[in-house]
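Read the structure below first, then the notes.
The values are calculated or read from the model by the stated rules, or taken from the named source; none is laboratory data. These figures come from a predicted structure and were not determined experimentally. Cβ atoms come from the backbone with ideal geometry, glycine included; neighbour counts cover every protein chain shown. Accessible surface is based on the protein model in full, side chains and every heavy atom, while ligands, DNA and RNA are left aside. Shrake-Rupley method; radii C 1.70, N 1.55, O 1.52, S 1.80 Å.
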Amino acid sequence: MKLKLKVWRQKNRKEKGKLETYSLDNVSEHMSFLEMMDVLNEQLINDGVEPVAFDHDCREGICGMCSMYINGQPHGPDRGVTTCQLHMRKFNDGDTIYIEPFRAKGFPIVKDLVVDRGAFDRIQRAGGFISVNTSGNTQDANLTPVPKKDADKAFDAATCIGCGACVASCKNASAMLFVSAKVSQYSLLPQGKVEAKRRVLNMVEQMDKEGFGNCTNTGACHVECPKEISLENIARMNREFLKASITSEK
Amino acid sequence: MSKSAILSSSIAKKWWMSLTGLFLCLFLVGHLLGNLQIIFFSGDEGQRVFNEYAYFMTHNPLIKLLSYLTYFSILFHAVDGIILTFQNKRARPIKYAYSKPQKNSSTPSRYMAILGSAILIFIIMHMSNFWGVMHFDKNMPLHTKNLVRPDSSYQKLYLTTNGTFLPVEQVEINNKTELIDKELNLKIGEGYKDLHSLTVSFFGHNKTNKGFPPNKYAYLAVILYVFSMAVLSFHLWHGFNSAFQTLGISHEKYNSALSLFGKIFSVLVPLAFASIPITIFLTK
């Protein structure tokens with residue numbers, strides 16, 4: 001199939017970027033979107049143009065590296081998939097495809113379609129962990145019983161790959177779905193209860209510092225999330241935050 | 001207690017939005033039930049019931065407290081909303097060239113600030129039309145009744161708060177509502193402000209107006225009112241349930257019932273409000 005691509009080109013963080021138009025012939029419908037980008041880059045290199053920088057790693061939908069805002073949606077038009085899992089059969093011959101980076105103050109552009117999602121790492125570092133003894137005498141995992149339902153919900157929250165599609169899709173560039181998933185995956189388990197108050201307060205504080213917007217419950221994040229993380233997590237975090245901010249000693 | 005978390009965190013700003021919003025929903029119910037009296041009672045009885053109700057609403061200390069809480073909630077909800085909106089705009093300095101928000105979110109949820117601003121404009125107009133006149137207009141007429149004499153001439157009487165009638169010629173009005181005996185120069189009663197006639201002449205066809213100039217633009221007032229109620233409906237459509245989510249009130253057992261209640265509330269309450277000026281326009 002033949003495609004017209006409008007790709008965001010930006011040299012670095014400081015320079016202004018703009019959309020460039022490229023034509024691409026002979027795109028197979030069996031290609032993934034990233035493979036199509038590889039073909040585009042090969043063509044650009046042959047033409048003596050600098051290839052488009054974009055993030056990718058595992059190419060099997062679990063690492064959360066690939067980003068891209070494709071035709072007005074993060075990770076493109078398909079539901080519950082990352083860009084690497086998006087196939088060209090979702091598009092038609094002759095289509096024009098807009099490809100932009102994830103846009104948010106908290107995700108500054110590094111180059112072209114690559115954005116710096118270090119803010120998520122800093123939020124995670126602020127409290128997204130539990131303190132356990134790892135010096136050789138670790139406890140047996142089954143020693144602490146966990147109700148199946150709680151374990152399932154914690155696992156569902158933990159499937160968040162931190163890709164940032166929630167921020168990219170939110171009209172307020174809010175990171176609430178990501179942060180709430182990371183809060184929930186611990187707060188539902190007995191091992192996470194010890195640091196629960198400190199965790200939610202610190203993670204939300206860091207989230208606010210990073211310049212993400214406020215949640216207005218539009219639900220766009222859940223719809224665009226490749227792992228379909230539930231909005232229930234946001235309600236849980238709101239609850240935990242209320243409890244912690246009233247009862248914490250800090 | 002964590003001070004910064006309660007006062008300045010993003011989540012706390014949203015709690016205040018939810019709490020004031022839900023309080024204003026309660027206010028809507030009370031305001032609606034009170035105002036519906038204007039179409040459920042007719043004639044002299046309707047006028048008396050509504051003006052007595054208006055007197056109660058402006059004199060009961062508990063209601064006064066609630067009204068201050070309502071003014072505060074409206075202002076807080078608006079200011080907090082403006083702050084949140086500006087913060088949210090700042091969170092994405094460069095907009096997408098091409099975006100399809102309709103693919104992942106409902107239309108009202110994306111336009112809450114615009115809907116809210118329209119409602120604020122409506123509240124200002126609405127309060128200057130009724131609340132302002134009721135509280136500050138020196139010429140706000142009192143509740144009067146025409147007594148038909150056997151020779152079919154009229155005598156105009158003031159209704160007082162203790163239920164008796166005083167002939168208009170005998171008294172003069174002091175401090176907007178005090179009925180003073182002309183000869184003795186003594187307060188002999190307190191009148192009711194005629195909010196009923198103000199409302200009916202504002203939206204109606206001027207058949208029953210008492211001391212009010214006819215409103216040539218009644219149809220425009222009705223159209224604007226109904227439009228504002230449609231805006232309110234969209235605002236509530238997202239806001240009602242969103243408030244519960246923000247407060248962390250979410251449970252798979254109750255969510256669908258709560259969501260259904262929110263949808264019914266957001267349609268029914270504005271619809272009932274809109275029925276009041278429409279009924280007045282068509283019947284009075």
Considering each residue of segment B:103-147, count those that are assigned to a strand (DSSP E or B) and open to solvent by less than 50 Å² (accessible area, probe 1.4 Å), and give that number. 2
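Every residue, every condition in (1) more than 12 Å from chain B (Cβ to nearest Cβ); (2) open to solvent by less than 10 Å² (accessible area, probe 1.4 Å), yes or no:
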residue	(1), (2)
A:156	yes, no
A:159	yes, no
A:172	no, yes
A:182	yes, no
A:192	yes, yes
A:195	yes, no
From the list B:72, B:27, B:76, B:50, pick out the single residue that is aromatic (Phe, Trp, Tyr), assigned to a helix (DSSP H, G or I) and farther than 30 Å from residue B:110 by Cα. B:50
Consider only pairs whose beta carbons are under 7 Å apart and that are at least six residues apart or on different chains; among these, list those whose first residue lies in segment B:78-98 and is closer than 22 Å to residue B:9 by Cβ and touching a residue at least 60 places away in the same chain (Cβ under 8 Å) and whose second residue is open to solvent by 30 Å² or more (accessible area, probe 1.4 Å) and among the aromatic types (Phe, Trp, Tyr). B:80/B:16
Output the number of the condition that residue A:248 fails; it satisfies all remaining conditions of (1) farther than 17 Å from residue B:15 by Cα; (2) at the interface with another protein chain (Cβ under 10 Å from one of its Cβ atoms); (3) open to solvent by 20 Å² or more (accessible area, probe 1.4 Å); (4) over 18 Å from the mean Cα position of the chain (by Cα). (3)
When you go through (1) without any contact (Cβ under 8 Å) to a residue 24 or more places away in the chain; (2) closer than 25 Å to residue B:93 by Cα; (3) outside the structural domain of residue A:16 (by TED's automatic domain parsing) one by one for residue A:77, which number turns out not to apply? (3)
Any residue in segment B:1-29 that is at the interface with another protein chain (Cβ under 7 Å from one of its Cβ atoms) and farther than 28 Å from residue B:264 by Cβ sitting within a Cβ distance under 6 Å of a residue that is modelled with pLDDT of 95 or more and outside any helix (DSSP H, G or I)? List the pairs, counting only those 6 or more apart or interchain. B:10/A:214
Which of the residues belonging to segment B:160-175 are in a loop (DSSP other than H, G, I, E, B) and out of contact with any helix residue (DSSP H, G or I) (no Cβ under 9 Å at 6 or more places or on another chain)? B:162, B:163, B:164, B:175
Of the residues that make up segment B:52-67, is at least one under 30 Å from residue B:196 (Cα atoms), open to solvent by 80 Å² or more (accessible area, probe 1.4 Å) and basic (Lys, Arg)? yes
